[in-house]
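Reading through the structure tokens given below for one structure.
The values are calculated or read from the model by the stated rules, or taken from the named source; none is laboratory data. Just so you know, these numbers come straight off a predicted model, no measurement behind them. Cβ coordinates were reconstructed from backbone atoms using ideal geometry, including for glycine residues, and neighbour counts include every protein chain displayed. To get the accessible areas, we keep the full protein, side chains included, count just its heavy atoms, and leave off ligands, DNA and RNA. Shrake-Rupley method; radii C 1.70, N 1.55, O 1.52, S 1.80 Å.
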Amino acid sequence: DAKTTQPTSMDCAEGRAANLPCNHSTISGNEYVYWYRQIHSQGPQYIIHGLKNNETNEMASLIITEDRKSSTLILPHATLRDTAVYYCIVRVAPIRSASKIIFGSGTRLSIRP
Amino acid sequence: DTEVTQTPKHLVMGMTNKKSLKCEQHMGHRAMYWYKQKAKKPPELMFVYSYEKLSINESVPSRFSPECPNSSLLNLHLHALQPEDSALYLCASSQERVSGRNEQFFGPGTRLTVL
């Protein structure tokens, strides 16, 4: 699976959009981009994923560049509960058996009141 | 039911003890995972089970022994652990479709302390 690079930490004001970047310059054509977050002392939680097109769900939006070498997770109206470590992961779709995900170091996002 | 449950929440054990961690899901997922997470570090994959068979072992020491008795249950048997094995142990499951959404659902973890 391709490696990802994320800033170590970021902060954002409550109510503003939080934009978290991720570089995955060695991504292959069959690898999806996944985002998870981990709130302190809890298990990681799935946020969103995409292959080529931009995606939006009730939690966030995912913008993937045309060359797929980077992506941005957008939390449109950050709240204090969004304070967490955010992980960007690239993962090939499983063919016959389960595939593994490799967590990078992640971005520690702090939302300030 | 979209939950992965793990028991116990906390476990303290001595280096000569034998204990087990338990994980359960009722989402019909056929892939289940064990991760180890040290403080301020990302989760590290230990084992993957696919259709109740061990498919990935990330060179984990034999003092950790996984078991998948059925499609809903995953155990991690612990024996002769070292203090450096103290960590948060996370279980996850996923559907593993050939294409499309394949997110992993994580349990809350078991916080293990080895004395």
Hz values of 3J(HN,Hα) by residue in the stretch A:46-57 - Karplus curve (6.51, -1.76, 1.60), Gly and Pro given as x: 5, 10, 6, 8, x, 10, 10, 8, 5, 10, 9, 9
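Leaving ligands, DNA and RNA out of it, report the carbon-plus-sulfur percent of the accessible area of the protein assembly as shown at a 1.4 Å probe.
Details: 5620 of 11430 Å².
C and S fraction of accessible area: 49 percent.
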Considering only Cα-Cα distances, which of the following residue pairs are longer than 21 Å: B:K18/B:K41; A:K100/B:K36; B:K22/B:K53; A:K69/B:K36? B:K18/B:K41; A:K69/B:K36
Hey, with R₀ at 41 Å, roughly what FRET efficiency would A:N53 and B:Q82 work out to, going by the Cβ-Cβ distance, to 0.05? 0.30
Averaged per residue, the 1.4 Å probe accessible area of chain B, protein heavy atoms only, in Å², is roughly 49 Å²
What total accessible area, in Å², is buried where chains B and A meet, using a 1.4 Å probe and rounding to the nearest 100? 1900 Å²
Which net charge results for the neighbourhood of A:S25, defined as the other residues with beta-carbon distances under 11 angstrom from its beta-carbon, given Lys and Arg at +1 and Asp and Glu at -1? +2
Local electrostatic count, B:T110, Cβ distance below 9 Å [Lys/Arg +1, Asp/Glu -1]: +3
Over the stretch B:43-103, what is the relative contact order in whole percent, taking alpha-carbon pairs under 8 Å and six or more residues apart? 20 percent
Solvent-accessible area per residue for chain A (1.4 angstrom probe, square angstrom): 51 Å²
GNM top mover of B:S71, B:S62, B:S50 - chain B, alpha-carbon springs below 10 Å: B:S62
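Determine, from the Cβ-Cβ distance of A:M10 and B:L73 and an R0 of 45 Å, the FRET efficiency 1/(1 + (r/R0)^6), rounded to the nearest 0.05. Numbers along the way, then the final one.
Numbers: r = 39 Å, r/R0 = 0.87.
Computed FRET efficiency for A:M10 and B:L73 comes out at 0.70.
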